[in-house]
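Scroll down for the structure; my scribbles are underneath it.
Since every read-out is calculated from the coordinates, none of them should be taken as a lab result. Keep in mind that this is a model prediction, so the values were computed, not measured. When we count neighbours, we look across all protein chains shown, and the Cβ atoms used for this are built from the backbone with ideal geometry, even at glycine.
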Amino acid sequence: MRIRATVAAVTGALALSALAVPAAQADGNASLASMAPGKSKSSKVTPFAAASPADEVVGDTQITSVSVNGGKDIVVGVSKKKTFTISVTATDPSGIYDGYAQLWHGSDVDNVDGVITPDAEWGTCTATGATTGTCKVTLVADPNENIYANLLAGTWKVWAGAMGNDGDYVITDAYKTARVQRASTLTVNAAPEPVTKGKTVTVTGKLARANWDDLAYHGYTGQSVQLQFRKKTSDTYTTLKTIKSDSAGNLKTTTKATVDGYFRYSFAGTTTTPAVKATGDYVDVR
């Protein structure tokens, strides 16, 4: 069942499970997933474990880097699932046993309204030396489940943990941030075609983006969009002017026809919506 805009189910703070800690310290066989918040695969966002300090360090395990989706923003539409990975690189004198990560959204650990968790209970780890290793987990952003409303667009925090072969571990509630964005579309049409040299060309189009509240695309209003042109003999677009989308996301402007070439609109993007360029529309100038 799809959750709507209010998520009353999400309560508590990002935390370490009280039962998992002793097991991890004893033999290093507890998965970091058991220490992570909200690991359910269901469409409902589950409560986190009981509250404890925001960051936990036992022994000398250290996380040296975390990469989310290869450093790229996570762009989600209205129907297709977006699968991506998080890689946790860590070091421990005994070597790395496990690494784990997930994303959470909210103002702070006491006010969480979304989580994206891996299906697996363990990271897939590769030793890169006697004391270092990189562990990967696969996550899925699903507009029918965990990406349930527009309020989730923008910055998410990365919960990350690593465990050494000796049971030492480190956990950080917000190691870094990543962006989850509403997919965007952009169209263009230049007319008339063909056109007499020196006459006016009218260029229309529409900027739209995914709406996770109703799983449809709607016009993105009041956004600056560049009208660009490239000659038939060139590979480079030049910006002619910048206009704004109207209350329905529509675009319309005019320009003079000079030579054969392609017109397109280009949108630079925002924190919640990725950049997008329309496919150039060719105009024959006679």
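Using the Cα atoms of region 78-129, I'd like the radius of gyration and the largest Cα-Cα distance, Dmax, both in angstrom.
Expressed in Å, the Cα Rg and Dmax of region 78-129 come to 14.5, 45.
Could you go through region 223-232 in sequence order and give the Karplus-derived ³J(HN,Hα) for each residue, using 6.51 cos²θ - 1.76 cosθ + 1.60 with θ = phi - 60°, rounded to whole Hz, and x for Gly and Pro?
Couplings: 9, 6, 9, 8, 8, 10, 9, 9, 5, 4 Hz.
Based on the alpha-carbon set only, what is the convex hull volume of region 119-172 divided per residue, in Å³?
So the per-residue Cα hull volume is 106 Å³.
Go through region 180-251 and name the trypsin sites (Lys or Arg not before Pro) that are in a DSSP coil and have 13 or fewer other Cβ atoms within 10 Å of their Cβ. Could you put the intermediate results ahead of the total?
Values: sites: ARG182, LYS197, LYS199, LYS206, ARG209, ARG230, LYS231, LYS232, LYS241, LYS244; in loops: LYS197, LYS199, LYS232.
Those satisfying the criteria are LYS197, LYS199, LYS232.
Taking only the alpha-carbon positions of region 214-286 and ignoring solvent, what does the Debye formula give for the base-10 log of I(q)/I(0) at q = 0.17, 0.23, 0.25 Å⁻¹?
-0.68, -1.07, -1.19
Over all directions, the average projected area of the alpha-carbon convex hull for region 91-207 comes to how many nm²?
Hull-based average projected area comes out at 12.6 nm².
Taking 0.36 nm per residue of sequence separation and subtracting the Cα-Cα distance, how much length would be gained by fully extending the chain between THR187 and THR258, in nm to one decimal?
Gain in length upon complete extension: 23.3 nm.
Quick one: plug the Kirkwood hydrodynamic radius of region 235-276 (C-alpha pairs) into Stokes-Einstein at 20 °C, 1.002 mPa s, and report D in µm²/s.
This corresponds to a translational diffusion coefficient of 171 µm²/s.
Between ALA275 and VAL58, what FRET efficiency follows from the Cβ-Cβ distance if R0 is 41 Å, with the result rounded to 0.05?
Details: r = 43 Å, r/R0 = 1.04.
The calculated FRET efficiency here is 0.45.
For LYS136, list the aspartates and glutamates whose Cα falls under 16 Å from its own Cα; do not include residues on the same chain fewer than 8 positions away.
ASP98, ASP119, GLU121
Taking N as the number of residues in region 149-214, what value does Rg over Cα atoms divided by 2.2 N^0.38 Å take?
For region 149-214, the normalised Cα radius of gyration is 2.23.
Label ASN211 and SER107 with points 7 Å out from Cα along Cα→Cβ: what is the distance between them in nm?
2.6
Taking LYS252 as the anchor, which lysines have their alpha carbon closer than 20 Å to its alpha carbon, excluding any fewer than eight residues away along the same chain?
Answer for LYS252, where 20 Å is the Cα cut-off: LYS199, LYS206, LYS241, LYS244, LYS277, listed by chain and number.
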